[in-house]
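What follows is a set of notes on a single structure, which appears directly below.
The values are calculated or read from the model by the stated rules, or taken from the named source; none is laboratory data. Quick caveat, the model's predicted, so the values are computed rather than measured. We place every Cβ from the backbone using ideal geometry, glycine too, and count neighbours over all the protein chains shown. Side chains included, ligands, DNA and RNA excluded: accessible areas come from the protein's heavy atoms. Shrake-Rupley method; radii C 1.70, N 1.55, O 1.52, S 1.80 Å.
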Amino acid sequence: MYDDFAGVYDTLMDDYDYDAWSAYYLSLIGETLGKLPARAAECACGTGSLTVRLAKAGLNIIGVDLSAAMLRRAEEKARHWGVNAAFVRQDMKKLELPRRVGAVLATCDGVNYLTTPKDVQTFFAAAYRQLLPGGVLCFDCSSRHKLETMMGDAFFGEERDGMAVLWQNSLNQESHVLTMDVTFFVREDDGRYRRFREQHHQRAHASEEILLWLKDAGFIDVRAYGEMRKDAPKEEDIRIHYIARKPDEQSFEL
């Protein structure tokens, strides 16, 4: 999974403002901690578009992803940007870092790809263990409104330069899991089109669930924000941002 997808991922995501996204997360983390941490980890980092920007801002960061193909792209991107960022192939539910960090991030639907409540709770517990006392977990989720109301049981088609995408969704209303069958047609150098198919699964987590699971994991100062804002989520928001803090101990170094 993701071997072919890694080659087209950045093209599909070319309308995302990663500069604004990284600035937003740096602001959230800095305001919560009073400063930026020295060390951080980004789970489900994909091709590293956000990772390299966080590294450029001065974070000593490790990017974690389950896809080796995505990580190869991320390493190439880090070299192109001239930043020091380490990349590790790892399941985010089993997050294990060489040293504890001041911030753990999971962006761009990483938590939505955890498709059971147990998986999400397992990730929260793993992130908690890898954080220094006082450190923060910061992530986003596509909202239930987006995945169920806007995308559930829908068909989408899109054409980009040298690529076409056909996207059929199917929603399981009981489990809140959206299955996305995506077919890609990618133009090769000789002008012919190569076809490949991906199937993705995302769960439409309710914000109330996420907040409860974070508190159950031991986090405090748990907050949810609307998309790229610092106020409460609204019903029509398509993305919700969360930040939660691990309790302090007497002395620690972020």
Answer rounded, prolate or oblate for segment 135-254, using the Cα gyration tensor with square roots of eigenvalues a ≥ b ≥ c: rounded when a/c is under 1.5, else prolate when a/b is larger than b/c, else oblate.
prolate
For segment 35-119, just say rounded, prolate or oblate: build the C-alpha gyration tensor, square-root its eigenvalues into a ≥ b ≥ c, call rounded for a/c under 1.5, and beyond that prolate if a/b exceeds b/c, oblate if not.
oblate
Computed about the Cα centre, the charge dipole of the chain from +1 Lys/Arg and -1 Asp/Glu charges at the Cβ has a magnitude in debye, to the nearest 20, of 880
Using 27 Å as the Cα-Cα cut-off, could you pick out the over-long pairs in 35/246; 93/234; 35/118?
93/234; 35/118
Taking the Cα centre of segment 4-49 as origin, sum charge times position over the Cβ atoms of Lys and Arg (+1) and Asp and Glu (-1), and report the length of that vector in debye to the nearest 20.
420
Using helices alone, what [θ] at 222 nm do you get for the chain, with -39,500 (n - 2.57) per DSSP H run of 4 or more residues, divided over all residues and rounded to the nearest 500?
-9000 deg cm²/dmol
Under 8 Å for C-alpha pairs, at least 6 residues apart: give me the relative contact order for segment 115-254, rounded to a whole percent.
31
Quick check: the distance between the Cα centres of segment 1-61 and segment 175-244, to the nearest angstrom?
15
Just how much of residue 149 is accessible, in Å², when a 1.4 Å probe is used and the result is rounded to the nearest 10?
100
Measuring from the longest principal axis of the C-alpha atoms of the chain, the long axis of helix 18-33 (C-alpha) lies at a number of degrees, nearest 10, equal to 20
What residue among 231, 221, 15 has the largest mean-square fluctuation in a Gaussian network model of the chain, using Cα springs under 10 Å?
15
On the accessible surface of the chain, probed at 1.4 Å with all protein chains in place, carbon and sulfur together account for a percent value of 47
Dividing the mean separation of Cα pairs under 8 Å (6+ apart) by the residue count of the chain yields a relative contact order in percent of 17
Once phi is turned into θ = phi - 60°, what whole-Hz ³J(HN,Hα) does the Karplus curve with 6.51, -1.76 and 1.60 give for every residue of segment 122-127, x standing for Gly and Pro?
5, 5, 4, 5, 5, 4
Long-range alpha-carbon pairs in segment 83-128, meaning those over 15 Å apart, account in percent for 47
Under 10 Å, Cα contacts only: if you run a Gaussian network model on the chain, which one of 141, 45, 108 comes out with the highest mean-square fluctuation?
108
Among 126, 108, 155 the positive-end extreme of the charge dipole of segment 103-162 (Cβ point charges)
126
Let me have the relative contact order for segment 1-121, percent, based on Cα pairs under 8 Å that are six or more residues apart.
27
